[in-house]
Amino acid sequence: MPLTLTSNLGRPSLERVGDVSLDQETSKIRVKCEVGCSAFIERDGNKVMLANPLDKTAFVSGYARVGDIYTVERGLEKIVVTVEYKENEVNDEIYVNTTSLNDSVDQKRKTALSAGVIILVLLVVSVVFGVNQKRSKDFEETSLTRSTNWQCLEQQISKSLRIVL
């Protein structure tokens, strides 16, 4: 049975007076009472003093029950903590998803289109570089062939001239 603490101050502690804490798993409560303060428990209509330390801070622990009221006070400074049953919170709110399925499909189409355009651009660039490289290679081969042909022709002419002379 989940328990919770509610306080008159909105928090279960007050500086220089003390505090009350609850272990949710074991339902064990711990009351801290500073020097010069008094701690009380009210259970089933009976109010019982738990601590009234004179020389050092006192700690009192025990098992909490629904409806227990713990009070730690020093004069007008007072913290009152009540043990209550914690109901499971049910979220009654309905959330509407504002993005439709068409929006997600449109986003996927945009992404696919972008990827396609990038791949197409890479393909065109690759083809252009390939054509340029082929032209360059063909030019080198034809230049080398022409150069070799001229050299052969020169050698033949020189031989012919030597023979004639």
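The values are calculated or read from the model by the stated rules, or taken from the named source; none is laboratory data. What you see is a predicted model; the values in this text were computed from it and never measured. With ideal geometry, Cβ positions are generated from the backbone for all residues, glycine too; neighbour counts draw on all protein chains shown.
If you scan segment 31-56, which residues turn out to be closer than 13 Å to residue 82 by Cα and under 39 Å from the mean Cα position of the chain (by Cα)?
The answer is 31, and nothing else.
For segment 24-38, name all the residues that are in a loop (DSSP other than H, G, I, E, B) and closer than 18 Å to residue 76 by Cα. Before the answer, list the steps.
First pass over segment 24-38, keeping only residues in a loop (DSSP other than H, G, I, E, B): 24-27, 34-37.
If the condition is that a residue be in a loop (DSSP other than H, G, I, E, B) and closer than 18 Å to residue 76 by Cα, then 34, 35, 36, 37 are the ones that fit.
State all residues of segment 57-79 that are closer than 16 Å to residue 30 by Cβ and either assigned to a loop (DSSP other than H, G, I, E, B) or within 37 Å of the chain's Cα centre (by Cα) (or both); if no residue qualifies, say none.
Hits for segment 57-79 are 57, 64, 65, 68.
To keep it simple, each residue is scored yes or no on (1) surrounded by fewer than 14 Cβ atoms within 10 Å (Cβ to Cβ); (2) outside any loop (DSSP other than H, G, I, E, B); (3) out of contact with any Leu (no Cβ under 7 Å at 6 or more places or on another chain); (4) modelled with pLDDT under 90.
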residue: 22; (1), (2), (3), (4): no, yes, no, no
residue: 40; (1), (2), (3), (4): no, yes, no, no
residue: 81; (1), (2), (3), (4): no, yes, no, no
residue: 110; (1), (2), (3), (4): yes, yes, yes, yes
residue: 116; (1), (2), (3), (4): yes, yes, yes, no
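Residue under question is residue 69, and the condition is that it be of a type outside the set (Lys, Arg), modelled with pLDDT of 90 or more and within 30 Å of residue 6 (Cα to Cα); does it hold?
Yes.
Looking at (1) part of a helix (DSSP H, G or I); (2) modelled with pLDDT under 85, which is the one condition that is false for residue 136?
(2)
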